[in-house]
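**Q** Right, I'll just put the structure down here and ask away after.
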Amino acid sequence: MQHEAVVWERISALFPSSRLHEIEELRFMSAYKFDAYEGYRTGDRFASNLLRFLSNFKGQELDDALTMATKIIFISAKEMHELSMEVYYKIKLKLLDIIINDKAAELEPWEYGKAYSKYYLDYLEKSLFVAMSDSSKIDYFRRHAQVDNESIISTYKIDVDALIQYGKKNEERNPHADYENKKFIFLIDDFSGSGYTFLRQLQKFHDRWYDHIKYRNIFFCPYIITDSAFEKISRSYSEQIPPEDGVSFEILPTLKIPLNHTVTDQNCMIFGESKIHPKNILSLCDTYYHESIEDDHTRKNGGVKYGFGNSGLLVVKHDNSPNDSLFLIWFKDHKCNTALRDWNPLFPRIPRHKNLK
Amino acid sequence: MTDVFPYNFHLMWKAEEYVLRFHPQYAGYRTILVCAAGFEKRSTALIRRIEHLLTTDTLCLVIVIRNPLDSDDANNNAFQEQNFSKISETANRRGAAVKRIQCQLFDEKRVVVGQEQLAASFTKILADEDLSKSRFILDISCLPRVLMFSMINYFYDFYPDNELLVGITENESEKSEWNRDYPYTEASWVSPFLGTFSDSPNDINIWIPILGRDRKRVNVVLSKYRFGTIFPLIGFPSSTPQDTDLVAKEHKELFMDYGISSKDVLYSPTSDPFLLFLRVKRLVDYLTSLPGLSARTFISISPFGTKAQSLGAFLCGRFLRMGILYTQPIGYKPVIGDEGDSFIYYLRGQMYSVS
């Protein structure tokens, strides 16, 4: 498109020729992935957002802003589908391990084939797959995994009592609808950045569901999880699931974002060996941050200055920018009363909770 | 022995986990370990990590590859001898027998000849062995891909009643993949997966290159063959979250020159050959099911990514009858750096058996 070519020329003109290579790579990535960001309106492209984003900065800051843009980890829809497919194979193997363990008197530890042919479908019937958010791609997961419709719950906030009643009416027709006999719960979500949100959801889930269904295992299956969320959840889940309930909990991660891929980590490797870049980028956050961008929820967990819960991420998902990433990337609020009202993000975030006032 | 692929589930573990979970419960099986004394530290990683599987009836076949065409051959050979000694020490510590197999990678015309020499040596050595109830573990970490494919296939075909496992240790850094200054051999089909490229305008030539961090190999293939359709395969998830995009950026000219969009890209995890196989199978099934086009569609795959992805390419060659198109560097510069994790991939055996 002519307009887009002109925008790229304008971007190139802001930088010395030594940086043209990076701009060319960004141009390639915009066509390859970034333009498909669902937060862009019709006619909107990565190039125009990059040009506007760069206009936030001045002098040396421009260099750091460009460097940051080149290091964004963008997960496309296709990549997310790939992760949901991989999760399915992990779950399958996990169920086979459980079968072998349960049937130790009958099966040798290596008899996966027998476990599969004899018991897998029974165990699948006793499994429930629950979406933890509207971006968990549960529909894609279901189609690919060929899991029965009745074994998929598209929100954990459902009325469990009504679900069980529905199941009772239908269980003769479909054994998957026997919800009271579900033993294995797989909580599916696309992303866990800090672990705070999941722990809150886990508490709500267990409080709401365990009175009705006496499951024995909960598996959290995030498509993407950071190292720090993994550790936080592993450390704290027992506060949400009382040990006396006898429910075991395990995380089955697919894509893990290591700690050294966060800008806030002192061993940050996103920029290679350079220690200056992470420092400069955090300093951009310091310069442009204003307390007014927080809400009660974010304030309680350390704020979003360096990403929610100090996560320090440069991650963008095709359908939204997580607030665990640096606010410079995603913040947009024209109703804001501070200088940030005119802030131009690279990938504008669609907030989960809109203030309708 | 079950030999049905694709399986309904895929078995792979970190080497240490495999040993911990299935030893000694899995006792009674004799281990035949085949590995190459390579130039790098990772040559010795797998045997060290599965050391407890080795017993007095274990046989270790250790391959030493010579390559006079490589200007660094003498230097590399010194590393090989060091690693051969380390492998032997580990085996001897457990009372296992070691047999050395030497082969030459190329003849003087740059034709790969190592695969025939290896097959002849395996046949000769194993003819005298009692192989009932034994498992082959093929450590392909340090084998050039041109030898790796024929070696795995050899064990698939000649020992159908034995368990077959493949071990892989990647280097922690994959820089060797794109730091090579060596010339490459002309692109050719890797034995025994000989494919077809048709010059007829009525036929369809499709290429699935598994992309790594070295675009030179892709260019070598494209200098000889002009494919009408290309479906690049990129590793995702990868060893780091940035690697997938780095690979795509490395090949941006391929995308632009051939008008490849992200819709045409296949993704599969860099460490899972089974999922790679399933991805490719789904595409191949679709492409060859188009009415009237099946007999006129020729699909080739090229393994330029990780060793685990190359194992996936092997499965495609064997079970989808795809041609494997490859170009081998004439020489090799060892990577100075640490070894990564070792993985065991279970290809065939009683774990998949339903009876």
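**Q** Straight distance only, please: which lysines reach the Cα of A:Lys168 with their own Cα at less than 22 Å, same-chain residues fewer than 8 apart left out?
**A** Correct list for A:Lys168: A:Lys126, A:Lys157, A:Lys182, A:Lys183, A:Lys214.
**Q** Where the eigenvalues come from the Cα gyration tensor of segment B:173-314, what are the semi-axes √(5λ) of the equivalent ellipsoid, largest first, in whole Å? Can you show the working numbers first?
**A** Details: eigenvalues 113, 63, 43 Å².
Equivalent-ellipsoid dimensions as semi-axes: 24, 18, 15 Å.
**Q** Using each residue's phi in segment A:316-325, evaluate 6.51 cos²θ - 1.76 cosθ + 1.60 at θ = phi - 60° and report the 3J(HN,Hα) Karplus result to the nearest Hz, with x for Gly and Pro.
**A** Those phi angles translate into 10, 9, 4, 9, 5, 9, x, 6, 6, 7 Hz.
**Q** Rounded to the nearest 5, what % of DSSP beta bridges with both residues in chain A are antiparallel? Don't skip to the answer; put the middle values down first.
**A** On the way: 1 of 28 bridges.
The antiparallel fraction comes to roughly 5 percent.
**Q** Using amide H atoms built in the peptide plane, which far-off residues or other-chain residues are under 5 Å from A:Lys317 H to H?
**A** Those qualifying (amide H under 5 Å, at least 5 residues apart or on another chain) are A:Ile75.
**Q** Quick one: angle between helix B:273-288 and the longest Cα principal axis of chain B, in degrees between 0 and 90, rounded to 10, please.
**A** Rounded to the nearest ten degrees, it is 30.
**Q** While we're on this one: Work out the mean other chain Cβ neighbour count within 10 Å for the residues of B:347-353 and drop it here as an integer. Each step should come with its number before you reach the end.
**A** Working: counts 0, 0, 2, 6, 8, 6, 6.
What the average comes to for B:347-353 is 4.
**Q** Just for segment B:188-326, what percent of DSSP beta bridges are antiparallel, to the closest 5? Numbers along the way, then the final one.
**A** Details: 2 of 17 bridges.
Expressed as a percentage, antiparallel bridges in segment B:188-326 total about 10.
**Q** Would you mind giving the mean number of other chain beta-carbons within 10 Å of the Cβ of each residue in A:29-39, as a whole number?
**A** On the way: counts 5, 0, 5, 10, 4, 0, 1, 1, 0, 0, 0.
Shielding by partners across A:29-39 averages 2.
**Q** Please report the projected area of chain A's Cα convex hull averaged over all directions, in nm². List each step's numbers first, then the result.
**A** Values: hull surface 86.2 nm².
With every direction weighted equally, the projected area is 21.5 nm².
**Q** Something else now. Averaged over peptide B:120-130, how many Cβ atoms belonging to another chain are found within 10 Å of each residue's Cβ? Can you show the working numbers first?
**A** On the way: counts 0, 0, 0, 0, 0, 0, 0, 0, 0, 0, 0.
Going residue by residue through B:120-130 and averaging, the value is 0.
**Q** Between A:Glu171, A:Glu244, A:Glu294, find the one with the highest GNM mean-square fluctuation for chain A; connect C-alpha pairs within less than 10 Å.
**A** Result: A:Glu244 has the largest fluctuation of those listed.
**Q** Rounded to whole Hz and in sequence order, give me ³J(HN,Hα) for segment A:159-175 from the Karplus expression 6.51 cos²θ - 1.76 cosθ + 1.60, θ = phi - 60°, writing x for Gly and Pro.
**A** Karplus-based 3J(HN,Hα) across segment A:159-175 equals 6, 5, 4, 5, 4, 5, 4, 4, x, 4, 5, 10, 5, 5, 6, 9, x Hz.
**Q** Something else: 5 Å is the cut-off here: which amide hydrogens, built 1.01 Å from N in the peptide plane, fall below it relative to B:Gly340, excluding neighbours closer than 5 in sequence?
**A** B:Glu170, B:Asn171, B:Glu172
**Q** My understanding is that a pair violates if its Cα-Cα distance is over 32 Å; which of A:Lys90/B:Lys124; B:Lys86/B:Lys249; A:Lys103/B:Lys99; B:Lys41/B:Lys249; A:Lys275/B:Lys263; A:Lys90/B:Lys307 do that in this structure? Spell out each step's value before the answer.
**A** Details: A:Lys90/B:Lys124 41 Å; B:Lys86/B:Lys249 39 Å; A:Lys103/B:Lys99 41 Å; B:Lys41/B:Lys249 29 Å; A:Lys275/B:Lys263 36 Å; A:Lys90/B:Lys307 21 Å.
Exceeds cut-off: A:Lys90/B:Lys124; B:Lys86/B:Lys249; A:Lys103/B:Lys99; A:Lys275/B:Lys263.
**Q** Specify the angular offset, from 0 to 90 degrees and rounded to the nearest 10, of the alpha carbon long axis of helix A:60-70 from the longest principal axis of the alpha carbons in chain A.
**A** That helix lies at roughly 30 degrees to the long axis.
**Q** Same structure again: Taking the Cα atoms of segment B:118-200 alone, what are Rg (to one decimal) and Dmax (as a whole number) in Å?
**A** 16.5, 51
**Q** How far is it, in nm, from the label point at B:Gln102 to the one at A:Ile350 when both lie 7 Å from their Cα along the line to the Cβ?
**A** Label-label distance for B:Gln102 and A:Ile350, simple model: 6.7 nm.
**Q** Among the trypsin sites (Lys or Arg not before Pro) in segment B:1-103, which ones are in a DSSP loop with at most 16 other Cβ atoms within 10 Å of the Cβ? Mind listing them? Working shown, then result.
**A** On the way: sites: B:Lys14, B:Arg21, B:Arg30, B:Lys41, B:Arg42, B:Arg48, B:Arg49, B:Arg66, B:Lys86, B:Arg93, B:Arg94, B:Lys99, B:Arg100; in loops: B:Arg94.
Here the trypsin sites (Lys or Arg not before Pro) that fit, given the DSSP loop and packing criteria, are B:Arg94.
**Q** Let me ask another. Around A:Phe220, which amide H atoms from residues at least 5 apart in sequence, or from another chain, sit under 5 Å from its own amide H, with H modelled in the peptide plane?
**A** Close amide H contacts, sequence-distant or interchain: A:Leu187, A:Glu250, A:Ile251, A:Leu252.
**Q** In degrees, nearest 10, range 0 to 90: what is the angle between the Cα axis of helix B:73-93 and the longest Cα principal axis of chain B?
**A** Its long axis makes an angle of about 50 degrees.
**Q** Rounded to the nearest 500, what is chain A's calculated 222 nm mean residue ellipticity when only DSSP H runs of at least 4 contribute -39500 (n - 2.57) each, over all residues?
**A** Details: 13 runs with 154 residues, N = 357.
Estimated from H runs of four or more residues: -13500 deg cm²/dmol.
**Q** Another question, then. Using θ = phi - 60° and the Karplus form 6.51 cos²θ - 1.76 cosθ + 1.60, what ³J(HN,Hα) does each residue of segment B:193-207 get, whole Hz, x for Gly and Pro?
**A** Karplus-based 3J(HN,Hα) across segment B:193-207 equals 9, 7, x, 10, 10, 9, 8, 5, x, 8, 9, 10, 9, 10, 10 Hz.
**Q** Hey, another quick one. Which GluC sites (Glu not before Pro) from segment B:103-207 combine a DSSP loop assignment with at most 14 other Cβ atoms within 10 Å?
**A** Details: sites: B:Glu108, B:Glu116, B:Glu129, B:Glu163, B:Glu170, B:Glu172, B:Glu174, B:Glu177, B:Glu186; in loops: B:Glu108, B:Glu129, B:Glu172, B:Glu174, B:Glu186.
Those satisfying the criteria are B:Glu108, B:Glu129, B:Glu186.
**Q** With a Förster radius of 41 Å, plug the Cβ-Cβ distance of B:Asp57 and B:Gln82 into 1/(1 + (r/R0)^6) and report the FRET value to the nearest 0.05.
**A** Working: r = 27 Å, r/R0 = 0.66.
Between B:Asp57 and B:Gln82 the formula returns 0.90.
**Q** Test of understanding: in a Gaussian network model of chain B with alpha carbons linked when under 10 Å, which of B:Tyr182, B:Tyr267, B:Tyr345 would top the mean-square fluctuation ranking?
**A** Among B:Tyr182, B:Tyr267, B:Tyr345, the largest GNM mean-square fluctuation belongs to B:Tyr182.
**Q** GNM, chain A, Cα, under 10 Å: largest mean-square fluctuation among A:Ser321, A:Ser283, A:Ser311?
**A** A:Ser283
Readers should treat all values here as calculations from the given coordinates under stated rules, not as data from a laboratory. Worth saying up front: this structure is predicted, and the values here are computed from it rather than measured. Cβ coordinates were reconstructed from backbone atoms using ideal geometry, including for glycine residues, and neighbour counts include every protein chain displayed.
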